[in-house]
1. Just want to confirm a number: the relative contact order over the chain, from Cα pairs under 8 angstrom separated by 6+ residues, in percent.
2. Can you give the Kirkwood hydrodynamic radius of the chain from its Cα pairs, in Å with one decimal?
3. Could you sort the peptides 301-311, 150-160 by per-residue average Cβ neighbour count (10 Å cutoff), highest mean leading?
4. Please identify, among GLY237, GLY178, GLY216, the residue showing maximal mean-square fluctuation in a Gaussian network model of the chain using a 10 angstrom Cα cutoff.
5. For the range 196-238 and the range 40-68, compute the distance between their C-alpha centroids and round to whole Å.
6. Using a Förster radius of 51 Å, what is the FRET efficiency between ALA227 and ILE121 based on their Cβ-Cβ separation? Nearest 0.05, please.
7. Sum up the charges of everything whose Cβ sits under 13 Å from the Cβ of MET256, counting Lys and Arg as +1 and Asp and Glu as -1, but leave MET256 out.
8. Subtract the Cα-Cα distance of SER292 and LYS189 from 0.36 nm times their separation in residues, and report this length gain in nm to one decimal.
Amino acid sequence: MNPIIEELSKIGIVPVIALNDAKDALPLAKALIAGGLPCAEVTFRTDAAEESIKLIAKEFPEMLLGAGTVLTTEQVDRAVAAGAKFIVSPGLNPKVVEHCIAKDIAIVPGTSNPSDVEIAIEHGLDVVKFFPAEQAGGIKMIKAMCGPYTKMKFMPTGGINADNLRDYLDFPKIVACGGTWMVKADLIKAGEFDKIEELTREAVEKMLGFELVHVGINGKDEADADATASEYDRLFGFTKKPGNKSIFAGSFVEVMKSPFKGACGHLAIGTNYMNRAIYQLERKGIEFDYDSASRKEDGSIKAIYMKNEIGGFAIHLFQK
């Protein structure tokens, strides 16, 4: 997978924005970054698009900026010269795709049926846009197409919102989803960038789904751990479940058989998407102890500890 597209997969949501006035570009970009989405697909169908990309790329070089609704090779060149790092098109124009490949520009062409996907495969692509997503059959259509096209991944756009976002992202063949619900035209026109930041943050939080999974207690030894877990069982009916290194009382309390991480113990925080959670927390300055990571058979991280404690508790990020 192209490194640019790989970065988009860690972010998970790509705001698709249409700017009619370049003066809105910088406050909008600032709101998206502050809300947790340092990326955007700026549709190239407005007169202000090229200048907006140029302004954002200069002021916020950390932002992963793309140009959308690109229809010609001439638009590709203008968008990239302005600062776009990837190109998105509504359909699959072989001429545009070949132009981007020849210039080593990340391209995500639009598809809506198997024939489009086969053309993309013929051009060596492994990620395509699925557009218009909901109108073209949604996640059910994507899953059906993944039967014969096992190596293809998708970036669906069109009709995706906060309510159906996870229906798409839960499917591993989805790289990221494009959406407009946090950057609606009326909010941009009204200059309500604080509201855009709020909606962006809500989208990220809903995507990640952070929640407390269990509390870890550091026992002195196995006998102490057993006594503690037994008391939770006796008082609250949290059934005791012995393990190799700890004893669980129900699913919410884990008592370690020997002193473990955290002065006061540890907290396990569950998330819907481990890679995206790590990405967002690292953006906030959190460091992870990668030596502590437990992994699935495919090498992806199932659980990992943050290096620093919070309030005396070690923090254990856990894939739900």
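Laboratory data are not the source of any read-out in this text; all were calculated from the coordinates shown. Quantities reported herein were computed from a predicted structural model and do not represent experimental measurements. Please note: Cβ atoms are built from the backbone with ideal geometry, for glycine as well, and neighbour counts cover all protein chains shown.
1. The normalised contact order for the chain reaches 14 percent.
2. On the way: mean 1/r = 0.0465 Å⁻¹.
Mean inverse Cα-Cα distance, inverted, gives 21.5 Å.
3. In descending order of packing, they fall as 150-160, 301-311.
4. GLY237
5. Centre-to-centre distance over Cα atoms comes out at 42 Å.
6. 0.25
7. Values: positive: LYS220, LYS245, LYS257, LYS261; negative: ASP221, GLU222, ASP224, ASP226, GLU254.
Taking every Cβ under 13 Å from that of MET256, the sum is -1.
8. Details: separation 103, 0.36 × 103 = 37.08 nm, distance 4.75 nm.
Contour length minus Cα-Cα distance gives 32.3 nm.
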